[in-house]
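Read-outs: derived from the displayed coordinates by stated rules, not from any lab. All values reported here derive from a predicted model rather than from experimental measurement. Cβ: placed from backbone, ideal geometry, glycine included. Neighbour counts: every protein chain shown.
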Amino acid sequence: MRGLNFVCFLGLLVSQSGCQTSGVGESGFTQRSQPLLGTYVTVTVVGCDRIASLAAVSEAFEAIRAVDARMSIHRTDSELSKLNAASPTNYTPISAPLFQVLSEAQRISRLTDGAFDVTLRPVVDLWGFVWKRGYKNPDPLMIEDAMSTVGTRFLELESGAVRFAKAGMSIDLGGIAKGYAVDQAIEALRRSGIQNAMVKAGGDLRVIGAPPGKEKWEVQIEDPTKSGERQVVYLRDKALSTSGDYENFFEQAGRRYSHILDPRTGRPATLRGSCTVIAATCQESDALATALLVLGPDRAHSMESTAFQFNLLTQGKTNRWRVVRSESFSAATD
Ligand code: AMP
Ligand code: MG
């Protein structure tokens with residue numbers, strides 16, 4: 001997962017309206033941030049009972065820690081790392097959360113003609129993007145070799161169990177697990193009776209309800225153009241994720257090599273810029289933002305659906321910025 005870089009700045013622009021009661025929690029907001037998932041996670045809940053809000057926030061962080069413990073490839077003791085080490089050729093039972101995320105990853109892979117591919121891990125490693133050090137432009141033969149184990153068709157899922165159909169396969173959930181963690185935090189808040197909240201983990205966020213006196217949460221999207229004009233979107237009961245080529249990259253001979261890889265080539269996606277997706281769950285928005293940055297504007301348009309909205313900000317050869325978005329994305333900006 002990403003490191004401590006504030007890749008997608010999503011500022012909170014809510015005005016704080018007062019609670020009926022006076023004293024602690026008067027503002028109506030309880031907000032806490034923690035370094036988790038290789039980024040900063042911020043949980044904001046609306047509620048006048050400060051003790052209940054703090055308890056809910058702590059449950060939300062607990063849910064995020066549980067996802068990290070299960071799905072991080074940076075922890076050797078995570079369920080995912082153990083699965084990768086075991087590389088099971090026979091069906092092996094996995095936890096319900098891991099099965100759910102792998103199934104959703106397969107669904108997004110099918111939806112995007114394979115542009116989203118969690119089996120890319122050996123290639124992500126080769127370029128140095130897993131540990132964000134020792135970046136290199138690998139020998140084409142090494143890429144070809146690593147690519148022989150890549151393909152979601154080699155990842156077989158059945159009745160709560162998984163099997164790797166190719167020796168040497170390895171899974172990386174860096175493009176989806178953060179979104180899943182945000183979803184789990186929202187579920188934890190709901191279980192605690194919270195109806196209005198925002199959970200944000202780097203470039204991935206999800207909101208429920210709205211701030212006091214408002215109909216929607218107002219969030220700003222990171223501006224890779226650095227023009228100072230950040231796009232604002234208004235959300236209620238939605239998730240939003242932004243992926244960008246500026247998050248984790250290296251440059252060589254004037255060319256940028258970013259951590260979002262094209263599964264068709266085993267090389268960094270060639271599109272410059274960022275992609276923001278709004279969807280019902282953060283798992284979905286996270287994976288789709290990564291995939292649409294690989295596919296680019298034309299393919300993104302051809303996939304247009306009511307299930308999600310996208311906004312692609314791309315930089316062409318002349319360095320001019322261009323915005324390509326689904327019709328329905330514009331509705332979120334009003
Ligand atoms: P995100 O920041 O959500 O766009 O996710 C990027 C991360 O997902 C990378 O750091 C890799 O770990 C992983 N990744 C890179 N390319 C892909 C891809 N095409 N499909 C799925 N995961 C990817
Ligand atoms: Mg993603």
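Between T265 and W131, the FRET efficiency estimated from the beta carbon spacing at R0 = 25 angstrom works out to 0.70. Full extension of the segment from R107 to R190, taken as 0.36 nm per residue of separation minus the current Cα-Cα distance, would add 27.3 nm. Under 12 Å of direct C-alpha separation, and excluding same-chain neighbours fewer than eight residues apart, K178 reaches these aspartates and glutamates: D68, D204, E284, D286. Exposed loop positions in the chain were taken to be GluC sites (Glu not before Pro) whose DSSP state is not H, G, I, E or B and which have at most 11 other beta-carbon atoms within 10 angstrom. Between these positions, the longest stretch is 1-214. Full extension of the chain between N319 and A307 yields a length gain of 1.2 nm, computed as 0.36 nm times the residue separation minus the alpha carbon distance. Go ahead and collect, in residue order, the members of region 153-197 whose backbone nitrogen is under 11 Å from a label point 7 Å along the Cα-Cβ direction of Y91. Only 157-163 pass the distance filter. Could you list the residues of region 221-248 with an amide nitrogen less than 19 Å from a label point located 7 Å from the Cα of A280 in the Cα-to-C-beta direction? Output list for this probe position: 235-241. Within the chain, which whole H helices from DSSP have a Cα span along their axis of at least 15 Å and a mean Kyte-Doolittle hydropathy of 0.0 or more, if any? Helix filter hits for the chain: 50-71, 96-111, 282-302. Under the convention that each Lys and Arg Cβ holds +1 and each Asp and Glu Cβ holds -1, the size of the dipole of region 125-213 around its Cα centre is about 400 debye.
In terms of distances greater than 31 angstrom between alpha carbons, the cross-link table entries K132/K216; K214/K317; K82/K136; K132/K200; K166/K238 yield K132/K216; K214/K317; K166/K238. Only Lys, Arg, Asp and Glu carry charge here, each on its Cβ (+1 for the first two, -1 for the last two); on that basis the chain has a dipole of about 480 debye about its Cα centre. As a ratio to 2.2 N^0.38 Å, the alpha-carbon radius of gyration computed for the chain takes the value 0.99.
The distance separating the Cα centre of region 139-197 from that of region 79-135 comes to 5 Å. So if I average 1/r over every pair of distinct C-alpha atoms in region 176-334 and take the inverse, what Kirkwood radius in Å does that give? Computed over region 176-334, the radius equals 16.2 Å. For R255 and D77, the difference between the fully extended length at 0.36 nm per residue and the C-alpha to C-alpha distance is 60.5 nm. The label-point distance for S330 and S58, in a model that sets each label 7 Å from Cα toward Cβ, rounds to 4.9 nm. Computed over the alpha-carbon pairs of region 49-105, the distance histogram in 10 Å steps reads 21, 41, 21, 13, 3, 0 percent, short to long. Less than 5 angstrom separates the built amide H of Y40 from those of G202, all sequence-distant by 5 or more or on a different chain.
If the Kirkwood radius is taken over C-alpha pairs of region 69-212, then at 10 °C and 1.306 mPa s the Stokes-Einstein diffusion coefficient equals 96 µm²/s. Taking every Cα-Cα distance in region 207-298 and sorting them into 5 Å bins from zero, the calculated P(r) comes out as 3, 13, 19, 21, 18, 12, 7, 4, 2, 1, 0 percent.
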